[in-house]
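Structure record follows, encoded as structure tokens.
The values are calculated or read from the model by the stated rules, or taken from the named source; none is laboratory data. This structure is a prediction, so every number in the text was calculated from the model and none was measured. Note: ideal-geometry Cβ built from the backbone for every residue, glycine included; neighbour counts use all protein chains shown.
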Amino acid sequence: MKSRCILFILLLFCINIFSQQKITGKIIDENGIGLSSVLIKNIKTNQNSYSDSFGNFTIDANENDEVRFVKDSYYRTDRKITKDNLSNLMNVLLLRAETLIQEVKIEKKMTGNLALDSKRFGDAKDLVKVKAGLGDYMRSPLNEPLPTNEVSKTFKGHDFSAGQVDLFGVFKVAKGLVKKATEPKITKPTYNETQNFINEVKQKINLNFLTSYGLNEEQIDHFLIYANDTRQLAKKYRKTFNIVEIESELKTAFALYNRTNKV
């Protein structure tokens with residue numbers, strides 16, 4: 001009786017093995033390119049297979065079996081076998097996993113612009129102490145009256161301009177007031193204003209002196225951002241856009257940029 005039970009169990013096992021069918025298909029990435037060396041594993045039977053160089057694969061499986069697809073740098077995918085997979089080609093898409101890049105700390109570099117570098121690195125401790133003491137002194141009240149800063153009338157010659165109107169001086173002051181009133185007020189640009197100014201520079205300014213050094217478009221963009229940050233170009237010229245002055249500012253900035261970046 002015991003031997004008959006064992007024989008029956010073996011018979012069922014053999015029937016299950018021989019009843020498995022060949023599942024064929026192809027594994028591709030998001031660009032439709034076949035992926036080779038993908039591990040295909042039947043979770044139920046623990047059977048393994050691999051895709052060929054074109055992404056094609058074959059594995060034994062029955063309906064409702066779970067098949068897993070695994071490859072380095074791609075997300076793992078599990079598929080449940082259906083009746084359609086038993087008679088048709090099974091297409092499997094593997095998506096590439098994102099690669100985390102280790103954070104890189106960028107050290108500050110000297111630009112050659114004293115005003116900019118002093119803001120980045122700050123003052124020495126002794127200088128900070130001196131400035132603080134000087135500030136306290138300047139805010140303290142005077143203990144003695146200040147002497148009059150003028151030459152005694154005894155030593156002065158005759159003033160021939162006394163009673164005369166300085167027309168040149170009046171004209172100069174008037175010209176300055178008119179210029180101040182007509183010129184647009186210098187204000188800090190917004191991000192969009194800065195981007196528009198840089199684009200206008202690329203369209204209207206002759207940048208042949210940059211291309212002659214072999215700079216490509218990406219390097220030119222990098223330099224224009226550097227020049228704008230160090231020379232405050234958008235702040236000073238975005239409203240008037242003085243081509244001559246902007247070109248002069250760019251050449252001055254490039255002289256420093258060339259030394260610090262080794263173009």
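See the values below:
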read-out	value
Residue among Arg4, Arg68 that is in contact with an Asp or Glu (Cβ under 6 Å, 6 or more places away or on another chain) and either at pLDDT 95 or above or over 19 Å from Asn91 (Cβ atoms) (or both)	Arg68
Filter result (surrounded by 13 or more Cβ atoms within 10 Å (Cβ to Cβ), charged (D, E, K, R) and in a strand (DSSP E or B)) within region 53-83	Asp60, Glu66, Arg68, Arg79
Evaluation of Val128 against (1) at pLDDT 90 or above; (2) among the β-branched types (Val, Ile, Thr); (3) in the same structural domain as Thr252 (by TED's automatic domain parsing) (one fails), failing number	(1)
Residue under evaluation Lys235, criteria (1) over 21 Å from the mean Cα position of the chain (by Cα); (2) not in a helix (DSSP H, G or I), criterion not met	(2)
First in region 247-258 and within 13 Å of Gln232 (Cα to Cα), second anywhere and among the basic types (Lys, Arg), Cβ under 6 Å, 6 or more apart	Glu249/Arg231; Ala253/Arg231
Residue list for region 185-200, filter: surrounded by fewer than 13 Cβ atoms within 10 Å (Cβ to Cβ) and of a type outside the set (S, T, N, Q)	Lys185, Lys188, Tyr191
In region 221-245, the residues that are within 19 Å of Arg259 (Cα to Cα) and either crowded, with 16+ Cβ neighbours inside 10 Å or in contact with a Ser or Thr (Cβ under 6 Å, 6 or more places away or on another chain) (or both)	Phe223, Leu224, Tyr226, Ala227, Asn228, Thr230, Arg231
